[in-house]
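Data first, discussion second: the structure below is written as structure tokens.
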Amino acid sequence: MARIAGVNIPTNKRVLISLRYIYGIGPVKAQDICTALNIPDERRVNQLSDDEILRLRELIDKDYRVEGDLRRENAMNIKRLMDLGCYRGLRHRKGLPVRGQRTHTNARTRKGKAVAIAGKKKVTK
């Protein structure tokens, strides 16, 4: 099993797909890495030599911000917004959608499970 940037990437999958298991590397960056190291698209991780894995590890460490560093940077950006007290920071603090989505209905991902209001009864006519 290859370990890159502190993540065990799957050995029986293609290199393009396996690199996406690293936080901060998506489809485009995975493709860029493979073209920079001349790794064919159909190559699988278990077919890579030790030298290729070493070059892959060095390239990612040198050129890309991934895993812990990226997570820390994102957390610091959100904390900065909350400390400033700007609108986006307040929305983060309250656990509401930040980018202008509606909250009257939906927004369950950010707000959490719906809570029933006790004591409210339907009026019948």
Show that you can apply the helix-only estimate: for the chain, add -39,500 (n - 2.57) for every DSSP H stretch of four or more residues, divide by all residues, and state [θ] at 222 nm to the nearest 500.
-13500 deg cm²/dmol
Out of the total accessible area of the chain (probe 1.4 Å, heavy atoms of protein only), what percent is carbon and sulfur?
51 percent
Can you list the HN-Hα couplings for segment 25-37, worked out from phi with the Karplus curve (6.51, -1.76, 1.60; θ = phi - 60°), rounded to whole Hz and with x for Gly and Pro?
10, x, x, 5, 5, 4, 5, 4, 5, 5, 6, 5, 9
What does the accessible area per residue of the chain come to in Å², with a 1.4 Å probe and no ligands, DNA or RNA counted?
75 Å²
Mean shadow area of the chain over all directions, Cα convex hull, nm²:
13.1 nm²
Lys/Arg +1, Asp/Glu -1 at C-beta; the chain dipole; positive extreme among ILE53, GLY26, THR109
THR109
Once both axes come from the Cα atoms, what is the angle between helix 50-63 and the longest principal axis of the chain, in degrees from 0 to 90, rounded to 10?
50 degrees
Could you tell me the accessible area of TYR23 in Å² (1.4 Å probe, neighbours in place), rounded to the nearest ten?
80 Å²
Long-range amide H contacts for ALA2: which residues qualify at under 5 Å (H placed 1.01 Å from N, peptide plane, sequence gap of 5 or more or a different chain)?
ILE9
Top mean-square fluctuation among ARG14, ARG110, ARG65, Gaussian network model of the chain, C-alpha springs under 10 Å?
ARG110
Under 15 Å, Cα to Cα: Lys pairs in the chain, sequence gap 8 or more or different chains
4
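The values are calculated or read from the model by the stated rules, or taken from the named source; none is laboratory data. As the structure is a prediction and not an experimental result, all values here were calculated from the model. Neighbour counts are summed over all protein chains in view; Cβ atoms, including those assigned to glycine, are modelled from backbone coordinates with ideal geometry. Just the protein is used for accessible areas: all its heavy atoms, side chains included, with ligands, DNA and RNA removed. Shrake-Rupley method; radii C 1.70, N 1.55, O 1.52, S 1.80 Å.
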